[in-house]
């Protein structure tokens, strides 16, 4: 698959060589039309027959029946991908799935940040990174809460009949454990911060209440637990 940036770079190089040119769209200023120049048409007329001859040579040993089977298989794969895309698109636009994707993305940022900042010497930079880590954790907690509410109010689609009973039970147990961890991990960080006497200020503008009062013994115990 070619990304938009890669495609733009390819077109830029073709323009530099004088083989294509860009033209403004008549009715949509967001669009540009890319068309062959006279030199590009001449190059295409020269190269395309050789390209087709090369493809014919590559498949010379393939029978017509095999060609037909491949064509049918590729067509069926294309139709399958289209159906799957249409099935997935509504889910990606669903608020619950969006919350899950956003929370997962935040987790991927917060975890390496937490590992990195632990062993840094005390400095303004370390304190700032701790603030960022707390912001990410509270954001994950809120998104996880939204996801749980959505999950409780929206019944998921049934599993295929091919999934046996024990697999359904294990799937439900693992799914539930995942929800518990997603909620418990940021809550544990909030609890440890409260016990140490450090307030959590979400994005530096919204002070959050302490879950417990300042407690050195609890902070020491909880700090050792969260490092394990």
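Which order do the peptides 119-132, 191-204 take when ranked by the mean count of other beta-carbon atoms within 10 Å per residue, highest first? Could the numbers behind the result be given before it?
On the way: 119-132: 11.8, 191-204: 16.1.
Highest mean packing first, the order is 191-204, 119-132.
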Gap in Å between the Cα centre of the stretch 1-31 and the Cα centre of the stretch 136-189?
44
Run the simple label-point estimate for residue 131 and residue 73 please: 7 Å along Cα→C-beta, distance reported in nm.
5.9
Does the stretch 18-73 come out rounded, prolate or oblate, given a ≥ b ≥ c as the square roots of the eigenvalues of its C-alpha gyration tensor, rounded meaning a/c under 1.5 and, failing that, prolate meaning a/b above b/c?
oblate
Everything considered on the Cα gyration tensor (a ≥ b ≥ c; rounded for a/c under 1.5, else prolate if a/b is larger than b/c, else oblate), the stretch 1-48 must be described as oblate
Could you work out how far apart the two model spin labels at residue 47 and residue 181 are, taking each label as a point 7 Å from the Cα in the direction of the beta carbon, and quote it in nm?
5.0
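Read-outs: derived from the displayed coordinates by stated rules, not from any lab. If you're wondering where the values come from, they're calculated on a predicted model, not measured in any experiment. Glycine also receives a Cβ, built like all others from the backbone with ideal geometry; neighbour counts cover every protein chain displayed.
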